[in-house]
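The values are calculated or read from the model by the stated rules, or taken from the named source; none is laboratory data. This structure is a prediction, so every number in the text was calculated from the model and none was measured. Ideal geometry is used to build each Cβ from the backbone, glycine not excepted, and the neighbour counts take in all protein chains shown. Heavy atoms of the whole protein, side chains included, go into the accessibility calculation; ligands, DNA and RNA do not. Shrake-Rupley method; radii C 1.70, N 1.55, O 1.52, S 1.80 Å.
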Amino acid sequence: MICLGIESTAHTFGIGIITEEGNVLANEKDTYTTKEGGIVPIKAVEHHMNCYEKVIKKSLEKAGLTIKEIDIIAFSQSPGLGHTLRIGAMAARSLAAHYSKPLIGVNHCIAHLEIGNMTTECRNPVLLYASGANTQIIAYEAGRYRIFGETLDIGIGNFLDSFARELGLGFPGGPKIYELANKGKNYIKLPYTVKGMDVSFGGILTNLKQKLKSGQYSEEDLCFSVQETVFAMLLEVAERAMAHCDKKELLLGGGVACNKRLQQMAKEMCSQREAECFIPKNEFLVDNGAMIAWLGIIEHKAGNRTKIEESIIKPYERTDEVEVNWR
Ligand code: ATP
Ligand code: FE2
């Protein structure tokens, strides 16, 4: 059984091809970036429209397959930017209808989790899902992936990208902040906003803008202090979820989890509580088609199918709305 998965929730148009044994035959993508400023949804649509045929072709070539040899078509049906989700859904419906293949619409956040489960071989983790639009602490309990804590305002990646924009850096800003942070030495006190199991970043962003404007602090020190503060917030709630659920595994997911400092802090926290920390390769942390294809395989085995007339996108679907019938 081979599945082709289509990812288009935001900046990345990705195609992954994977076997039911979990062999990734192709994982191609084209990502919309900017030199200055954030994502303009209509520009991201233009980007995806211009590249989708090319990315599909390239992934099939890489896998050494023709479209007829693909058994299942999966696509990210939720959540994300409506504008870009529609492009992936359209491509998926056309391929499924034209070549008479089963179609499976999947939840993008759960795909981040399942590709991590598969590629790292962890069994029953707490997931720290830190991406652009999402920041959630998730664990499986009684038929659902439950959200134990999350951001009350913006996602951590969007927060880092917004701060990068204030510094005149382009999108994505996360890697650039990491570079600057490595040159910072002095910790500058910032608001630390953990509320119960939730976190919030809006106030920290306002505080950072004021500090930048004052001209009293170096950009390097600010980047260093931002990382130390917000990553500590994430790991505080992740650790509490691990204690509450009595889980001994932490899995990282989402583009921000590529950050080496976050990885290091996560490993330290886990070793202190004799837990294991699992970190997928960068290729599977950022948005990618392979994770969509893999969830397609899992859901297909569980008997899930999406009829064309039910394949409408769901930009606001939450992780815990999905009934998990495959565990
Ligand atoms: P989602 O729809 O799941 O919220 P997303 O569309 O935001 O995901 P991801 O690729 O999961 O996409 O995450 C993007 C974020 O990851 C951006 O904010 C970007 O700055 C950050 N990022 C990407 N690579 C790195 C890196 N190497 N170091 C730090 N941050 C990174
Ligand atoms: Fe994502």
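Isolated cysteines in the chain, defined as those with no second cysteine Cβ under 4.7 Å, comprise C3, C51, C109, C122, C223, C245, C258.
In sequence order, region 179-184 has phi-based couplings of 4, 5, 4, 5, 9, x Hz under the Karplus curve 6.51 cos²θ - 1.76 cosθ + 1.60, θ = phi - 60°, and Gly or Pro positions carry x. Report the calculated FRET efficiency for N325 and K267 (r = Cβ-Cβ distance, R0 = 51 Å), to the nearest 0.05. The pair N325/K267 has a calculated efficiency of 0.95.
Between helix 289-301 and the chain there is an angle of about 50 degrees, using the helix long axis and the longest principal axis of the Cα atoms. Under 5 Å from the amide H of F278 lie the amide H atoms of L250, L251, L252, each residue being 5 or more positions distant or on a separate chain, with H modelled from the backbone and absent for Pro and chain starts.
Checking the a/c ratio against 1.5 first, then a/b against b/c, what shape does the Cα gyration tensor give for region 122-279? Show your work: numbers first, answer last.
Details: a/c = 2.07, a/b = 1.83, b/c = 1.13.
Since a/c reaches 1.5 and a/b is larger than b/c, the shape of region 122-279 is classed as prolate.
For region 1-90, the list of trypsin sites (Lys or Arg not before Pro) that fall in a loop by DSSP and count at most 11 other C-beta atoms within 10 angstrom reads K35.
Taking every DSSP bridge with both residues inside the chain, close to 60 percent are antiparallel.
Please say if region 192-312 is rounded, prolate or oblate, where rounded means a/c under 1.5 for a ≥ b ≥ c the square roots of the C-alpha gyration tensor eigenvalues, and otherwise the choice is prolate for a/b larger than b/c and oblate otherwise?
prolate
For D198, the residues whose modelled amide H falls within less than 5 Å of its own, excluding neighbours fewer than 5 places apart on the same chain, are E150.
Quantify how much of the Cα-Cα distance distribution of the chain extends past 26 Å, in percent.
Summing the P(r) tail past 26 Å for the chain gives 46 percent.
Taking all protein chains into account, the per residue accessible area for the chain stands at 43 Å² (1.4 Å probe). Couplings for region 311-321, taken from phi via the Karplus curve 6.51 cos²θ - 1.76 cosθ + 1.60 with θ = phi - 60°, read 8, 4, 5, 10, x, 10, 4, 9, 3, 7, 7 Hz in order; Gly and Pro are left as x.
Backbone phi angles across region 238-246, fed through the Karplus curve with coefficients 6.51, -1.76 and 1.60 (θ = phi - 60°), yield HN-Hα couplings of 5, 5, 5, 5, 4, 5, 4, 8, 6 Hz in residue order; Gly and Pro are listed as x.
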